[in-house]
Amino acid sequence: MKSKAHGYLFALAATTIFSLQDAVSKHLGDHYPPIFVTMIRYWAFGAFCILLVSRKRGGLRAAAHTKRPVLQIVRGVLLAVEIMLVITAFAHAGLAQSTAVLSATPIVVTLLSIPLLGERVGWRRWSAIIVGLVGVLLILKPDASGFLDPWLLLPVVCAVMYAIYLIATRLVSRTDAPATSFFYIGVAGAVTATLVGPFFWADLEGWDRAWMGLLCITGMTGHYLVIRAYELLDASAVQPISYLGLVYASFFGVMLYGETLTWNVVAGSVIVVGAGIFTFWREYVLRHQAPVQAAR
């Protein structure tokens with residue numbers, strides 16, 4: 001029980017820190033090229049990944065050994081590009097609205113797992129998918145002339161990209177250790193950002209150096225806390241806590257950046273979060289029913 005309590009504390013702390021990271025990312029993305037911001041962030045994160053896995057049994061050699069090198073590299077590149085686009089979305093579409101759309105990622109994962117993983121989805125999860133997508137449409141609020149804000153299509157793209165990344169992570173987890181997957185998202189992401197980031201180099205001014213330092217620190221700390229949380233809790237227990245990030249994003253967006261929470265964003269967010277939590281709950285139930293039925 002004490003271990004689970006610590007796991008929930010780790011998950012809560014990670015969500016809080018990642019939300020702070022998003023708020024800082026928006027500030028920097030408003031003033032500097034998102035690719036440049038991502039590159040600096042990944043330099044720190046890549047170094048952190050190398051340091052962390054080097055202390056595990058077998059060191060870097062064991063962590064770098066993978067049975068699916070192409071897929072590992074692809075998921076690392078995909079995550080780096082997705083982060084670049086997310087920072088761009090924060091800058092142009094707003095922190096609160098972008099986070100609301102990104103909250104639909106678990107629903108997109110369930111939807112894409114059908115063709116990509118060959119999973120079977122029953123009518124309950126199909127219902128949750130449909131309801132969740134309705135929530136996303138409500139956030140986007142289309143009208144006769146199209147979407148009110150075309151920039152909101154960017155977090156939709158990011159949600160799909162992150163969902164594909166998560167599905168790729170499921171695939172590599174069948175053959176590779178968690179340390180290997182962690183190593184590749186740090187190194188492959190850092191290499192990707194470094195290949196393009198220098199072309200968008202900008203000199204940090206004044207307090208922005210401190211904000212960039214905070215961005216790097218929150219990234220490393222947040223990932224460490226997530227790792228600790230998953231060591232003590234199932235994903236089905238951690239994921240609902242991450243939805244608290246939507247509350248944080250709304251608070252930071254309104255208080256720091258003068259964003260406005262319209263009725264459709266609030267209502268759509270409630271629908272998306274509810275559908276997402278139901279999806280995770282249903283997956284948890286099915287995962288625990290399978291061993292029982294197999295034992296009969």
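Observations on the structure shown:
- Taking packing as the residue-averaged number of other Cβ atoms within 10 angstrom, the listed peptides 102-108, 78-84 run from highest to lowest as 102-108, 78-84.
- GNM result for the chain, Cα springs below 10 Å: residue of GLY118, GLY186, GLY268 fluctuating most strongly: GLY118
- Bins of 5 Å from zero: percent of alpha-carbon pairs in segment 1-139: 2, 8, 11, 14, 16, 18, 18, 10, 4, 1
- Equivalent ellipsoid dimensions for segment 192-283 as semi-axes, Å, which come from the Cα gyration tensor, largest first: 30, 22, 13
- Charge dipole (debye, nearest 20) of the chain; +1 at Cβ of Lys and Arg, -1 at Cβ of Asp and Glu: 1480
- Measuring spread by the Cα atoms of segment 2-295 yields a radius of gyration and Dmax of 19.0, 64 Å.
- Residues in segment 17-25 carry Karplus couplings, in order, of 5, 5, 5, 5, 4, 5, 5, 5, 4 Hz; the curve used is 6.51 cos²θ - 1.76 cosθ + 1.60 with θ = phi - 60°, and Gly or Pro positions show x.
- Under 26 Å, Cα to Cα: Lys pairs in segment 2-295, sequence gap 8 or more or different chains: 4
- Packing, as the average of other Cβ atoms within 10 Å across residues, places the peptides 270-279, 199-208 in the order 270-279, 199-208, highest first.
- Normalised contact order of the chain, rounded percent, pairs of Cα under 8 Å and 6 or more residues apart: 41
- The Cα center of segment 14-79 and the Cα center of segment 205-271 differ in position by 16 Å.
- The packing ranking of peptides 58-66, 256-264, 12-20, 88-96, highest mean first, is 88-96, 12-20, 58-66, 256-264, where packing means the average number of other beta carbon atoms within 10 angstrom of each residue.
- Prolate/oblate/rounded call for segment 1-76, Cα gyration tensor, a/c under 1.5 rounded: oblate
- For segment 91-200, fraction of C-alpha pairs farther apart than 19 Å, in %: 59
Read-outs throughout are calculated quantities, based only on the coordinates presented, and are distinct from any laboratory measurement. All values derive from a computational prediction rather than experimental measurement. Neighbour counts are summed over all protein chains in view; Cβ atoms, including those assigned to glycine, are modelled from backbone coordinates with ideal geometry.
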